[in-house]
Amino acid sequence: MRQTLLALILSLCVGSVGSAAHAQDNPVEDIINDQITAFMADDFDAAFSYASPTIKRLFGSPERFGQMVIDGYPMVHRPAEVTMLGQQAMGAGVVQRVMIRDQGGRLHMLGYQMIETDDGWQINGVQLLRAPEVGA
């Protein structure tokens with residue numbers, strides 16, 4: 001059963017990644033990818049710019065926001081691999097599921113809560129989801 005589940009998850013991942021052209025047509029995925037790229041460069045000012053007004057008020061500064069990510073979401077700060085999965089409508093926004101492989105090879109599933117503002121799509125929170133169990 002686990003092997004079947006893993007095969008299903010992998011097929012969904014391959015089917016949802018798409019081409020670079022597709023990614024350019026998906027502003028939600030672009031924002032998440034751009035923020036992760038900023039984190040990888042330790043550009044916390046840029047990473048903070050993709051956060052919603054609520055998140056900006058909560059953390060107050062790019063430095064505090066960056067430290068929270070380093071401490072609480074190290075897989076986002078330094079991912080080895082990022083795969084966009086499906087999106088699901090949530091009220092006025094969407095949740096973008098993202099699978100991240102960390103530097104140690106472990107898989108993490110995250111749900112990015114996205115809202116559309118006057119400035120475009122912004123990240124309003126990230127939730128760690130239960131990762132699929134893999135193994136024999």
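Each value in this text was obtained by applying a stated rule to the coordinates, not by laboratory testing. Everything numeric in this text was worked out from a predicted model, so none of it was measured. For neighbour counting, all protein chains shown are included, and Cβ atoms are generated from backbone atoms with ideal geometry for every residue, glycine included.
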Exercise for review: Set the Förster radius R0 to 25 Å, insert the Cβ-Cβ distance between Q88 and D43 as r into 1/(1 + (r/R0)^6), and round the FRET efficiency to 0.05.
Suggested key: 0.30
Revision key, fill the gap. Of the stretch 106-128, those with amide N under 16 Å from the point 7 Å along the Cα→Cβ vector of N33 are 121
Practice item. With only Lys, Arg, Asp and Glu charged, each at its Cβ (+1 for the first two, -1 for the last two), find how big the charge dipole of the stretch 44-110 is about the Cα centre; round to the nearest 20 debye. Key: 140
**Study point:** Packing-based ranking, highest mean first, of 117-127, 31-41 given that Cβ atoms within 10 Å are counted
**Key:** 31-41, 117-127
